[in-house]
1. Is there any pair linking a residue in the stretch B:8-29 that is under 16 Å from B:L124 (Cβ atoms) to one that is part of a strand (DSSP E or B) and of a type in the set (V, I, T), with Cβ under 9 Å and at least six apart or on different chains, and which?
2. Can you tell me how many residues in the stretch A:157-173 are assigned to a strand (DSSP E or B) and either at the interface with chain B (Cβ under 7 Å from one of its Cβ atoms) or free of Cβ contacts under 8 Å to residues at least 40 places away in the same chain (or both)?
3. Picking from B:E173, B:E137, which residue would you name as being more than 16 Å from B:V93 (Cβ to Cβ) and open to solvent by 20 Å² or more (accessible area, probe 1.4 Å)?
4. Are there strands (runs of 3 or more DSSP E) fully within the stretch A:1-116 with at least 3 residues that are open to solvent by less than 70 Å² (accessible area, probe 1.4 Å)? List them.
5. Checking the conditions here, which among B:E144, B:E120 is open to solvent by 10 Å² or more (accessible area, probe 1.4 Å), away from every other protein chain (no Cβ under 14 Å) and modelled with pLDDT under 95?
6. Going through the stretch A:20-50 one residue at a time, which ones are touching a Gly at 6+ places or on another chain (Cβ under 9 Å) and under 17 Å from A:Q158 (Cβ atoms)?
7. Given A:G107, A:G102, which one is modelled with pLDDT of 95 or more, farther than 18 Å from A:G152 by Cα and within 10 Å of chain B (Cβ to nearest Cβ)?
8. So, of the residues in the stretch B:44-75 that are within 14 Å of chain A (Cβ to nearest Cβ) and free of Cβ contacts under 8 Å to residues at least 40 places away in the same chain, which turns out to be farthest from B:Q133 (Cα to Cα)?
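The values are calculated or read from the model by the stated rules, or taken from the named source; none is laboratory data. Source: prediction; values computed, not measured. So basically every Cβ, Gly included, is an ideal-geometry build from the backbone, and we count neighbours across all protein chains shown. Side chains are part of the model used for accessible areas, which takes the heavy atoms of the whole protein and leaves out ligands, DNA and RNA. Shrake-Rupley method; radii C 1.70, N 1.55, O 1.52, S 1.80 Å.
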Protein chains: 2
Amino acid sequence: MMASDDSNSNLPKARIILQQCLSAKLQVQPRTEEQEAQFVEINRGLVVYVCFMKGATSDTVDKMVKAAMNARLSSLDDGTSKLVSILDLPGEVIIIPQATLGGNLKGKMMQYHRNISKEEGLDLYTSFVRQCQDLLEQSNKTKEQHKQVKYGTYGNRQVFSMVTNGPFSHYLEF
Amino acid sequence: MMASDDSNSNLPKARIILQQCLSAKLQVQPRTEEQEAQFVEINRGLVVYVCFMKGATSDTVDKMVKAAMNARLSSLDDGTSKLVSILDLPGEVIIIPQATLGGNLKGKMMQYHRNISKEEGLDLYTSFVRQCQDLLEQSNKTKEQHKQVKYGTYGNRQVFSMVTNGPFSHYLEF
């Protein structure tokens, strides 16, 4: 009983993948009979794939935002190997809700038992996006250069393209 | 002592990210004075980011190959929600060595203490690529339709672009 509780508390409550991009484009509204598909785009910046799992709370979101926005992962391309945060680059951010990231492979099939409910996930996702936007708006460098946070529509298929000069993928769990 | 050994044995020995793509293009040789940059490309298929960490062995590679090539993650796009493996799709595979995936965030900095040595990593990577190629060559569906495994140059910067109809990112650790 004890062992089971312990191991559950160690299971991730959220997962993030971070990738560097030169440009990225994400569909936020599929085509309908009335209108064309809608997209958002960024130039040089950070791609943030995000997934919330059972047990994720607003505390989890705070930690995720802090990590994603402050981690020094972006190269200045000034000939040095110095890495800076996306706020200090400064760069843009594109956030992609990615429920599949919560999957766990059993045999040949992915199971998503640990994913959070759609309603709770949407709340946490909305808060994550808003906090990332707030940080970018408060940062002098990103404000001066009109850098923005773009984001996908929760629950939609994330039709996505990107161009990178090296994605330098990083995995974070919370 | 015991506790430390136990926790180490639970640490991941390898990480994989799998994404679906409609097309993907990867630089395998940067431009030099003598020749243009060299690229490999795939059409519809699977993007496999791979990272080996301390403790990874040929057994780890066997499990990774089996998981990546047999996991039912690819949509048939036949109007059903049926998912099949990349071998059964059939689709192409592009493998990207991604040492950054072994990183662990401490404060604002990524640490890569658990990454395997470059020499060992290259051996495991070479074996991973060859086994994926063997599986694709043995599969009737991929053979008939001339599907191939393409792969990045270990240790290089992975200049990479992709177009997806939804990456449906999955994270696996071994």
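1. Hits for this filter: B:A14/B:V50; B:R15/B:V50; B:I16/B:V48; B:I16/B:V50.
2. 7
3. After ruling out the rest, the residue left standing is B:E173.
4. Those strands (runs of 3 or more DSSP E) span A:14-21, A:23-29, A:45-52, A:92-97.
5. Every option except B:E144 fails the conditions.
6. A:C21, A:S23, A:A24, A:L26, A:Q27, A:V28, A:V40, A:I42, A:G45, A:L46
7. Answer to the check: A:G107.
8. B:R72
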